[in-house]
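Everything below concerns the one structure shown next.
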Amino acid sequence: MNDTQNGPLAGFTVGVTAARRADELGALLQRRGAAVLHAPALRIVPVADDSELLAATKELIANAPDVVVATTAIGFRGWVEAADGWGIGEDLLARLRGVELLARGPKVKGAVRAAGLTEEWSPASESMAEVLDRLLAEGVDGRRVAIQLHGDPLPGFVEALRAGGAEVVGVPVYRWMPPEDVAPLDRLLDATVSRSLDAVSFTSAPAAASLLSRAEHRRLLPELLDALRHDVLSACVGPVTALPLQAHGIDTSQPERFRLGPLVQLLCLELPSRARTLPVAGHRVEIRGHAVLIDDTLRPVPPAGMSLLRALARRPGWVVARSELLRALPGAGRDEHAVETAMARLRTALGAPKLIQTVVKRGYRLALDPAADAKYADS
């Protein structure tokens, strides 16, 4: 079984917080070998009976905006359907025919045309950043810009328009709410804190904010922030999505194009580059999240074995005492026999017993190749 067959993400576990398009993102990750832990951090709640949406719709019908930005297909359809339900659907469509209508990407364009309207422009990239660039290039000073909201207030986008002199009107078609069942989110949170995950992916700012909020509710926020700052990669689809994390001092990785495919490609590059690779007993050993790549063979390793291997790899070639390895084992207690049992299972899982040497009465060491010994001797 070689790395090419398994894909670049083989041996890594990625958390998916998306509510929308989660299946698509999960399938892309699994196709490249990743194990996926899905926990929707949000649910989408239509607000068709919401007085705020009704008031915003009536206000736009009465006072024409200069520009309307449709941001999501589901949201735009929901807006038109809600207006129909209130008996003002035709009035809304008539108003939208008379303004500059921008559609964020092909799916939104499809929803606009299904309503009998024609967009003036749509970016192929589905990027709100590109929409913002166009509006600012046109000039927005003194113009009214209505934005069909994602469910969150699009931080950064609205501020940039207002800084340019625009009057911004939000159209809240649906809202992000916490998930009804928080058990999957709690599992993802626990896995992040315990470093069982290698990365967490975020496709919306509210999802990132929801995970942080749940951690705070469970009094796990300091532990979550520590994991995301040092060990677990935060992969965000774009800069707006990253804002809640960056506000807590968490570095994030983002693709140049704000879409799912480039997000997965980013993970394919970043996760393998973060893995520890060592020359051990004549083999190339790459320590991944829940598996070890030995030359071209991927070897799944149980969690206890991975804990031992990481403890040995922190000081490659050096003897690590059983007492120290015992502390590295999750929930092992005080019996050093647990180290011997876990070590035997680790050697079996690796399929190459000479990788780890037993040093009588002292402990264990990785059998680092002689040429590499000097490199790690002073580290």
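Observations on the structure shown:
- Ellipsoid semi-axes in whole angstrom, largest first, where each is sqrt(5λ) of the Cα gyration tensor of the chain: 52, 20, 17
- Contact order relative to length of the stretch 205-335, as percent, for alpha carbon pairs under 8 angstrom and 6 or more apart: 12
- Value of relative contact order over the chain, rounded to a whole percent, pairs C-alpha under 8 Å and six or more apart: 16
- Multiplying the residue separation of GLU120 and ASN63 by 0.36 nm and subtracting their alpha-carbon distance yields 18.5 nm.
- Charge dipole (the stretch 169-229, unit charges on Cβ, about Cα centre) - positive-most of THR203, LEU225, PRO172: PRO172
- Amide proton proximity set for ARG144, modelled H, under 5 Å, gap of 5+: ASP66, VAL67, GLU167
- For ALA291, residues with placed amide H under 5 Å, excluding near neighbours: VAL301
- Near VAL280, the amide H atoms lying under 5 Å from its own belong to VAL285, ASP369; only residues 5 or more places off or on other chains count, and H is placed 1.01 Å from N.
- Note, ³J(HN,Hα) from phi for the stretch 296-309, Karplus 6.51, -1.76, 1.60, rounded to Hz, x at Gly and Pro: 10, 10, 8, 10, x, 10, x, x, 4, x, 5, 4, 5, 5
- Expressed as a whole percent, the accessible area of the stretch 1-117 that falls on carbon and sulfur atoms is 48 (1.4 Å probe).
- For the chain, share of DSSP beta bridges that run antiparallel, in % to the nearest 5: 50
- Against the main long axis of the alpha-carbon atoms of the chain, helix 128-138 sits at an angle near 40°.
- Global form of the stretch 205-321, assessed from the alpha-carbon gyration tensor, a/c cut-off 1.5: oblate
- Whole-Hz Karplus values for the stretch 57-73 come out as 5, 4, 5, 6, 5, 6, 10, 4, x, 7, 9, 10, 10, 8, 9, 9, 5 Hz, taken residue by residue from phi with 6.51 cos²θ - 1.76 cosθ + 1.60 and θ = phi - 60°; glycine and proline positions read x.
- Carbon/sulfur fraction of accessible area - the stretch 221-379, other protein chains in place, 1.4 Å, %: 53
- Accessible surface calculations at 1.4 Å, restricted to protein heavy atoms, place the chain at 46 Å² per residue.
- Degrees separating the helix 221-230 axis from the principal Cα axis of the chain, which is the longest one: 70
- Dividing the summed -39500 (n - 2.57) terms of all DSSP H runs of n ≥ 4 by the residue count of the chain sets its mean residue ellipticity at 222 nm at -13500 deg cm²/dmol.
- Positive minus negative residues near LEU220 (Lys, Arg vs Asp, Glu; Cβ under 9 Å): 0
- Derived scalar couplings between HN and Hα for the stretch 176-192 equal 7, 10, x, x, 5, 9, 8, 4, x, 5, 5, 5, 5, 4, 4, 5, 5 Hz in order, rounded to whole Hz, by the Karplus curve 6.51 cos²θ - 1.76 cosθ + 1.60 (θ = phi - 60°), x for Gly and Pro.
The values are calculated or read from the model by the stated rules, or taken from the named source; none is laboratory data. Since the model is a prediction, treat every value here as computed from it, not as a measurement. So basically every Cβ, Gly included, is an ideal-geometry build from the backbone, and we count neighbours across all protein chains shown. We work out accessible area using only protein heavy atoms, side chains counted, and drop any ligands, DNA or RNA first. Shrake-Rupley method; radii C 1.70, N 1.55, O 1.52, S 1.80 Å.
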